[in-house]
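Novice: Would you mind keeping the following structure in view while I ask a few things?
The values are calculated or read from the model by the stated rules, or taken from the named source; none is laboratory data. Quick caveat, the model's predicted, so the values are computed rather than measured. Cβ placement follows ideal geometry from the backbone for every residue including glycine, while neighbour counts extend to all protein chains displayed. Just so you know, the surface numbers come from the protein's heavy atoms only, side chains and all, with ligands and any DNA or RNA stripped out. Shrake-Rupley method; radii C 1.70, N 1.55, O 1.52, S 1.80 Å.
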2 protein chains.
Amino acid sequence: MEDIQQGKGLVGLSDGRSLPYDILVFATGASAFIPPIPGIDQTGVFSVKHLSDGLAIKNFLEKEKCRKAVIIGGGFIGMEMCEVLHNRGIDTRVIDLTDRPVMRWEPEFTDLIVDEMARHDVQFMPGTKTQAVEKGKEHRFRLITNEGELDADIIIAAVGIRPATDLAKAMGIETGRNGAIQVNFSQQTSKENVYAVGDCCEVYHRIMKKWVYQPLGDISNKQGRVAGINIGGASMLFPGVIGAQSFKLFDLEVAATGIDTQEAVAAGFKPACTIHWGKASAFPDAPRIGLKLVADRSSGLLLGAQGIGTSGVVGRINVLSTALWAGMHLQDIAYMDLAYSPYYSPPWDPIHFAAQQLMRQMQSSAVGACSIN
Amino acid sequence: MEDIQQGKGLVGLSDGRSLPYDILVFATGASAFIPPIPGIDQTGVFSVKHLSDGLAIKNFLEKEKCRKAVIIGGGFIGMEMCEVLHNRGIDTRVIDLTDRPVMRWEPEFTDLIVDEMARHDVQFMPGTKTQAVEKGKEHRFRLITNEGELDADIIIAAVGIRPATDLAKAMGIETGRNGAIQVNFSQQTSKENVYAVGDCCEVYHRIMKKWVYQPLGDISNKQGRVAGINIGGASMLFPGVIGAQSFKLFDLEVAATGIDTQEAVAAGFKPACTIHWGKASAFPDAPRIGLKLVADRSSGLLLGAQGIGTSGVVGRINVLSTALWAGMHLQDIAYMDLAYSPYYSPPWDPIHFAAQQLMRQMQSSAVGACSIN
């Protein structure tokens, strides 16, 4: 696609043809951000955004002998990729500028994530900045970092994505502070006959009560359908998101929903939080589940939750997502009826215990296990 | 405990002593119902209600050579017991008066339950009535049934429980139609200083909007704490239940919450329902999950849900339990933000698909896959 001629209602294609439109939908997605590191633009350095990226990585791994991998970026894409590469027998490192992976989660939880990587011989290197990617000798690449030199046969750059909005900006569509296209609840942009959906546009966060950039596949799907319904002549408003997210890392389920204490302060709440370590089943050898709850001291409203464990975590975070969706208070959650069976939880679910613990903490006015910075 | 002398505020114990009380709590639980079958009162026939029953069964299995077991009753206790006995290498049959096990669940789902039993060589015998338990030759017992004779070395009678209310009735405490002690939301009985909690008393069903008998361990725990809080001088109302329940059968997770179509009709709703077969993950070989949703045609309110599958079922039913708890409409559920990751669901969760499917069905006024009898 080369250009859009609004006045004429034409989309110009790169092969010279033009397509007429009455209604235009931007579903341009996002592009992986490639950090400006000398030498990073070489064959064997991949980002993970499009289906074609996945196929290219698969193809490269099949054709080239890869013994060592470096993943730049400890976000959830980095987590998923380190498991995949390790499972193919590749010695894998994850390096990150910050001091821990997946910063959205509580340090107590990210410690377990680093342990889980270590248990599978994946090294996490905090505070590590790549200064250059050079040709190696025994291996294809040598990464020069502030923490020394690292060998790699394949490099994955997973440091985030940016909304793809060049065409939209060129035709004067308004974008938000994060650069994503602004839309209303019908997915219309600042021009009535132009819609935007997916990773190129903003989405309304129901807990923060503001428009945010949260590029996730399930959200894109919903926005696409809402736009389609409205364009098709029916009427539907996109109900927004609450920030539910999960990933798998080897034997760990990791999930979160809603907002954390700092975001809560920024959104005008007075957050209190707690971390509860419970049991995933009623049996003596039950694996542990970690649950962090954040609630508003003024109203008692649940604001967010994080979870980690070997099973039953995503299900529990989705229970709490539903509670957030419905605007439930801690008190509604503390005695809620859940489908108890000894295999799937103790008679009091970790959700109940965590809610009760946070209520007690709020009653006693203690700041609690999680301080607010 | 022999008797309660209300006037004197004394509980008479069986050893002749008396204990004074200001406040009395009935936590007498329930007793397993033993069907009146000739010969059922023999060593080697067990019910499964108290911890001592479990220990007695374990002890019997360790001491006696048990090769064959018959479980009378295909409820969820029967399901759990058949797995335990099979896993100990015992050839196990489940017999039931009705045509399928765990009648709460949809026939499409109970067919899978019967298949799962069969896959583990546990035979389910529908329409089977035990007429007598006789001494056997090669095996300890011979059961005479309308479907022929069955050998057994151990028999489990799991046909339901009855609230244990003799003492309460003797002191004039009011009971409900099902024989359980009537309580208010503070767990007080018809006498102000007498409380009741657990399997001996009723519980308020938030969807049916009436008091029911639903003896389950997690509910008992909650009622006990509510009674304790009120007796201790603070104030708390028990928020009721919605009928959430789950069990495991070999590789199947089975769960349900809320009410089914017939209960909905009885409760004054106009139910519509649907069954959706979805995928538990985004991968091509994802196992299937069956979800049944019931909603009210007049209001769009969710009324109940049932689920079956090899993973992710209890978590999803608890999402729907939370939706029921909060009084959510199908429309709120259809686009709800859940923690998507390819390992744990497709981008549209089976919950979303099921809710959308039922909404379409209700719009088109079709009766849908589930008819209301």
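Novice: Taking the options A:Ile229, A:Ile259, name whichever one is over 14 Å from the mean Cα position of the chain (by Cα) and among the aliphatic types (A, V, I, L, M). Talk me through it step by step, then tell me what you get.
Specialist: On the way: A:Ile259 fails: over 14 Å from the mean Cα position of the chain (by Cα).
Going through A:Ile229, A:Ile259 in turn, just one is over 14 Å from the mean Cα position of the chain (by Cα) and among the aliphatic types (A, V, I, L, M): A:Ile229.
Novice: Could you check, for segment B:151-161, whether at least one of its residues is open to solvent by 10 Å² or more (accessible area, probe 1.4 Å), within 14 Å of another protein chain (Cβ to nearest Cβ) and in contact (Cβ under 8 Å) with a residue 40 or more places away in the chain?
Specialist: There is no residue in segment B:151-161 that is open to solvent by 10 Å² or more (accessible area, probe 1.4 Å), within 14 Å of another protein chain (Cβ to nearest Cβ) and in contact (Cβ under 8 Å) with a residue 40 or more places away in the chain.
Novice: Just need a number here: residues in segment B:182-193 that are exposed (fewer than 14 other Cβ atoms within 10 Å of the Cβ) and not in a loop (DSSP other than H, G, I, E, B).
Specialist: 0
Novice: Go through segment B:199-236 and count every residue that is within 11 Å of chain A (Cβ to nearest Cβ) and not aliphatic (A, V, I, L, M).
Specialist: 12
Novice: Which of the residues spanning segment B:1-21 are touching a Gly at 6+ places or on another chain (Cβ under 6 Å), over 13 Å from B:Met171 (Cα atoms) and open to solvent by 40 Å² or more (accessible area, probe 1.4 Å)? Working first, answer last.
Specialist: Kept after step one, since they are touching a Gly at 6+ places or on another chain (Cβ under 6 Å), are these residues of segment B:1-21: B:2-3, B:18, B:20-21.
Restricting the remaining residues to those that are over 13 Å from B:Met171 (Cα atoms) gives B:18, B:20-21.
Answer for segment B:1-21, where residues must be touching a Gly at 6+ places or on another chain (Cβ under 6 Å), over 13 Å from B:Met171 (Cα atoms) and open to solvent by 40 Å² or more (accessible area, probe 1.4 Å): B:Ser18, B:Pro20.
Novice: Test each condition in (1) in contact (Cβ under 8 Å) with a residue 24 or more places away in the chain; (2) within 30 Å of A:Gln6 (Cβ to Cβ); (3) surrounded by fewer than 17 Cβ atoms within 10 Å (Cβ to Cβ); (4) under 26 Å from the mean Cα position of the chain (by Cα) for A:Ala164 and report the one that comes out false.
Specialist: (3)
Novice: What pairs can you find where one residue is in segment B:103-117 and modelled with pLDDT of 95 or more, the other is part of a helix (DSSP H, G or I), and their Cβ atoms are less than 6 Å apart, with a gap of 6+ or different chains?
Specialist: Once the first residue is modelled with pLDDT of 95 or more and sits in segment B:103-117, no partner that is part of a helix (DSSP H, G or I) comes close enough.
Novice: For B:Arg177, indicate whether it is basic (Lys, Arg), open to solvent by 50 Å² or more (accessible area, probe 1.4 Å), within 10 Å of chain A (Cβ to nearest Cβ) and free of Cβ contacts under 8 Å to residues at least 24 places away in the same chain.
Specialist: On the way: basic (Lys, Arg): yes; open to solvent by 50 Å² or more (accessible area, probe 1.4 Å): yes; within 10 Å of chain A (Cβ to nearest Cβ): no; free of Cβ contacts under 8 Å to residues at least 24 places away in the same chain: yes.
Taking the combined requirement at face value, the residue does not satisfy it.
Novice: Here is a follow-up. Looking only at residues in segment A:323-358 that are open to solvent by 40 Å² or more (accessible area, probe 1.4 Å), part of a helix (DSSP H, G or I) and touching a residue at least 40 places away in the same chain (Cβ under 8 Å), which one is farthest from the other protein chains (Cβ to nearest Cβ)?
Specialist: A:Gln357
Novice: List the number of the failed condition for A:Phe141; all other conditions in (1) open to solvent by less than 20 Å² (accessible area, probe 1.4 Å); (2) in contact with a His (Cβ under 8 Å, 6 or more places away or on another chain) hold.
Specialist: A:Phe141 satisfies all of (1) open to solvent by less than 20 Å² (accessible area, probe 1.4 Å); (2) in contact with a His (Cβ under 8 Å, 6 or more places away or on another chain) except (2).
Novice: Let me ask something else. Just to verify a result, which residue in segment A:70-89, among those that are open to solvent by 10 Å² or more (accessible area, probe 1.4 Å) and within 17 Å of A:Arg140 (Cβ to Cβ), is nearest to the chain's Cα centre (by Cα)?
Specialist: A:Ile72
Novice: Failed condition for B:Val241, given (1) at the interface with another protein chain (Cβ under 8 Å from one of its Cβ atoms); (2) in contact (Cβ under 8 Å) with a residue 40 or more places away in the chain; (3) of a type in the set (A, V, I, L, M), with all others met?
Specialist: (2)
This table checks each residue for (1) at negative phi; (2) open to solvent by 50 Å² or more (accessible area, probe 1.4 Å).
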| site | (1), (2) |
| --- | --- |
| B:Leu216 | yes, no |
| B:Asn221 | yes, yes |
| B:Met236 | yes, no |
| B:Ile259 | yes, no |
| B:Ile275 | yes, no |
| B:Gly278 | yes, no |
| B:Gly300 | no, no |
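Novice: Still on this structure: How about segment B:227-254: which of its residues are in contact with a strand residue (DSSP E or B) (Cβ under 9 Å, 6 or more places away or on another chain) and either part of a strand (DSSP E or B) or of a type in the set (Val, Ile, Thr) (or both)?
Specialist: Filtering segment B:227-254 down to residues in contact with a strand residue (DSSP E or B) (Cβ under 9 Å, 6 or more places away or on another chain) leaves B:227-228, B:230-231, B:238-248, B:252-254.
If the condition is that a residue be in contact with a strand residue (DSSP E or B) (Cβ under 9 Å, 6 or more places away or on another chain) and either part of a strand (DSSP E or B) or of a type in the set (Val, Ile, Thr) (or both), then B:Ile231, B:Val241, B:Ile242, B:Gln245, B:Ser246, B:Phe247, B:Lys248, B:Leu252, B:Glu253, B:Val254 are the ones that fit.
Novice: From B:Ser52, B:Ser47, which residue is at pLDDT 95 or above, over 20 Å from the mean Cα position of the chain (by Cα) and under 20 Å from B:Pro215 (Cβ atoms)?
Specialist: On the way: B:Ser47 fails: over 20 Å from the mean Cα position of the chain (by Cα).
Matching residue, one of B:Ser52, B:Ser47: B:Ser52.
Novice: Does A:Ala282 qualify as being open to solvent by less than 10 Å² (accessible area, probe 1.4 Å) and not in a helix (DSSP H, G or I)? If you could, list the steps in order and put the result at the bottom.
Specialist: Working: open to solvent by less than 10 Å² (accessible area, probe 1.4 Å): no; not in a helix (DSSP H, G or I): yes.
So A:Ala282 does not fit the description; no.
Novice: Further question: A:Met362 fails exactly one of the following numbered conditions: (1) under 29 Å from B:Glu253 (Cβ atoms); (2) in a helix (DSSP H, G or I); (3) away from chain B (no Cβ under 14 Å); (4) open to solvent by 10 Å² or more (accessible area, probe 1.4 Å). What is the number of that condition?
Specialist: (1)
Novice: What strands (runs of 3 or more DSSP E) lie completely within segment B:72-181 and have 1 or more residues being out of contact with any Leu (no Cβ under 6 Å at 6 or more places or on another chain) and basic (Lys, Arg)?
Specialist: Numbers: elements: B:91-95, B:123-125, B:130-135, B:141-145, B:148-152, B:154-157, B:161-163.
Fully inside segment B:72-181 and qualifying: B:91-95, B:130-135, B:141-145, B:161-163.
Novice: Ok, one more. Under the condition of being outside any strand (DSSP E or B), β-branched (Val, Ile, Thr) and over 27 Å from A:Pro342 (Cβ atoms), which residue from segment B:255-279 is nearest to the other protein chains (Cβ to nearest Cβ)? Before you say what the answer is, go through the steps one by one.
Specialist: The initial filter retains those residues of segment B:255-279 that are outside any strand (DSSP E or B), namely B:259-270.
Remaining after also requiring β-branched (Val, Ile, Thr): B:259, B:261, B:265.
Adding the requirement that they be over 27 Å from A:Pro342 (Cβ atoms) leaves B:261, B:265.
Working: B:Thr261: 19, B:Val265: 22 Å.
Among them, the one singled out is B:Thr261.
Novice: Based on what the data block shows, is A:Gln123 within 30 Å of A:Leu291 (Cα to Cα) and touching a residue at least 24 places away in the same chain (Cβ under 8 Å)?
Specialist: Details: within 30 Å of A:Leu291 (Cα to Cα): yes; touching a residue at least 24 places away in the same chain (Cβ under 8 Å): yes.
Yes, satisfied.
Novice: Can A:Leu293 be described as over 30 Å from A:Gly29 (Cα atoms) and not in a loop (DSSP other than H, G, I, E, B)? Outline the logic, then answer.
Specialist: Values: over 30 Å from A:Gly29 (Cα atoms): yes; not in a loop (DSSP other than H, G, I, E, B): yes.
Judged against the criteria, A:Leu293 is a match.
Novice: Something else now. Could you grab the pairs with beta carbons closer than 7 Å, sequence gap of 6+ or different chains, first residue in segment B:300-322 and more than 8 Å from every other protein chain (Cβ to nearest Cβ) and β-branched (Val, Ile, Thr), second one open to solvent by less than 10 Å² (accessible area, probe 1.4 Å) and in a helix (DSSP H, G or I)?
Specialist: Matching pairs, first to second residue: B:Ile308/B:Phe109.
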